[in-house]
2 protein chains.
Amino acid sequence: MEAEGERYTITDLAREFAVTPRTIRFYEAEGLLAPERRGTTRLYGKADRARLAWVLRGRAVGFSLSDIRELLDLYTPGSDNRAQREAALAKTEQRLAALRAQRDAIDSTVTELEQFAATLRSRL
Amino acid sequence: MEAEGERYTITDLAREFAVTPRTIRFYEAEGLLAPERRGTTRLYGKADRARLAWVLRGRAVGFSLSDIRELLDLYTPGSDNRAQREAALAKTEQRLAALRAQRDAIDSTVTELEQFAATLRSRL
DNA sequence: CCGCCAGTTGACGCGAACGTAAAGGTCATG
DNA sequence: CATGACCTTTACGTTCGCGTCAACTGGCGG
């Protein structure tokens, strides 16, 4: 089976995710994407689209591109020996801890901004 | 009253918040801090300390330094006419919306990473 | 007075994440 | 066949957030 399904051009994805084609090519140069080619033109499938979505959400939560590459590499099992899986688990849990801390920081900031907004409204 | 209270040196604050003095000076150059001087040496008070804490938490949630400066400027009322307060309120609520969106992104990512961690553990 | 530490101001450097030409290939359409 | 739309690569430019000297200035202990 030759992976039937939607194919997207680079500008399709760029529009859908509100980034520039340049950005998508840059992610490919960084090893985050690897679309097929028809000639020289890139052709993206469902999986590529999902990876791109992952990358962009990673970026939205503050991950660096190399962070994201690392996580994506964990997702795609590769040669699966025990030590590698344990390392992957450890790294994943580190990320989780950092994310929860970040969410706490966001919550504090939100609370503070809400109070500030309230006092602003009260003075109108 | 001459604002009695603790005074901190730059390295005091640097240690307390786990940043380098260079970082603190940089924030001052960016207009985020404005400590007193005894001669040329910087002296930080409680308010400066609080501002620094704000800056660092802002950075932790992904704000740029100019974002942070903007928010700090809103906090310090300045010349308080009605239009300005309404603008401040609008900007504050934009920030709030962005922060909530970011928290949602974090929650999604956390959920996904948790599932991934679970499958990793099940394969050990 | 000497050395040393802690502070200061430039000024240049750097990695990350793209933007922005410059120069060209390919394909449809009039 | 020429024009335009869309794709490509190569390569240099830019912004942000500091790091890293370099060179200097007090203040303090011995």
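The values are calculated or read from the model by the stated rules, or taken from the named source; none is laboratory data. Predicted model only: the values in this text are computed from it and were never measured. Note that each Cβ is placed from the backbone with ideal geometry, even for glycine, and that neighbours are counted across all protein chains shown. All accessible areas refer to the heavy atoms of the entire protein, side chains included, with ligands and DNA or RNA removed. Shrake-Rupley method; radii C 1.70, N 1.55, O 1.52, S 1.80 Å.
Of the residues B:Leu52, B:Leu74, the single one that is away from DNA strand D (no atom under 13 Å from the Cβ), buried (at least 16 other Cβ atoms within 10 Å of the Cβ) and not hydroxyl-bearing (Ser, Thr, Tyr) is B:Leu74.
Within region B:82-99, being in contact with a helix residue (DSSP H, G or I) (Cβ under 7 Å, 6 or more places away or on another chain) and at the interface with chain A (Cβ under 8 Å from one of its Cβ atoms) holds for B:Arg85, B:Ala88, B:Leu89, B:Thr92, B:Glu93, B:Arg95, B:Leu96, B:Leu99.
Against the numbered list (1) within 16 Å of the chain's Cα centre (by Cα); (2) within 14 Å of chain B (Cβ to nearest Cβ); (3) surrounded by fewer than 13 Cβ atoms within 10 Å (Cβ to Cβ), A:Ser66 comes up short only at (2). Counting only residues that are of a type in the set (S, T, N, Q) and surrounded by 13 or more Cβ atoms within 10 Å (Cβ to Cβ), region A:109-124 holds 1 of them.
If only residues of region B:77-97 that are within 22 Å of the chain's Cα centre (by Cα) and farther than 12 Å from A:Leu120 by Cα are counted, the one that is least open to solvent (accessible area, probe 1.4 Å) is B:Leu96. Among the residues of region B:35-42, are any of a type outside the set (D, E, K, R), over 15 Å from A:Thr109 (Cβ atoms) and open to solvent by less than 50 Å² (accessible area, probe 1.4 Å)? Yes, because at least one residue in region B:35-42 is of a type outside the set (D, E, K, R), over 15 Å from A:Thr109 (Cβ atoms) and open to solvent by less than 50 Å² (accessible area, probe 1.4 Å). Consider only pairs whose beta carbons are under 6 Å apart and that are at least six residues apart or on different chains; among these, list those whose first residue lies in region B:26-39 and is touching a residue at least 40 places away in the same chain (Cβ under 8 Å) and whose second residue is open to solvent by less than 80 Å² (accessible area, probe 1.4 Å). As it stands, the answer is B:Leu32/B:Val55; B:Leu32/B:Arg69, since those pairs meet every condition given. Assess whether A:Arg59 counts as being within 14 Å of another protein chain (Cβ to nearest Cβ), without any contact (Cβ under 8 Å) to a residue 12 or more places away in the chain and more than 9 Å from DNA strand D (Cβ to nearest atom). In short, yes. Any chance region B:98-106 includes a residue that's within 20 Å of the chain's Cα centre (by Cα), within 12 Å of DNA strand D (Cβ to nearest atom) and within 26 Å of A:Asp107 (Cβ to Cβ)? Within region B:98-106, not a single residue is within 20 Å of the chain's Cα centre (by Cα), within 12 Å of DNA strand D (Cβ to nearest atom) and within 26 Å of A:Asp107 (Cβ to Cβ). Screening the candidates B:Ala29, B:Ala18 for the property of being open to solvent by 70 Å² or more (accessible area, probe 1.4 Å) and within 12 Å of DNA strand C (Cβ to nearest atom) yields one hit, B:Ala29. Here A:Gln102 passes the criteria (1) touching a Leu at 6+ places or on another chain (Cβ under 9 Å); (2) open to solvent by less than 60 Å² (accessible area, probe 1.4 Å) except the one numbered (1).
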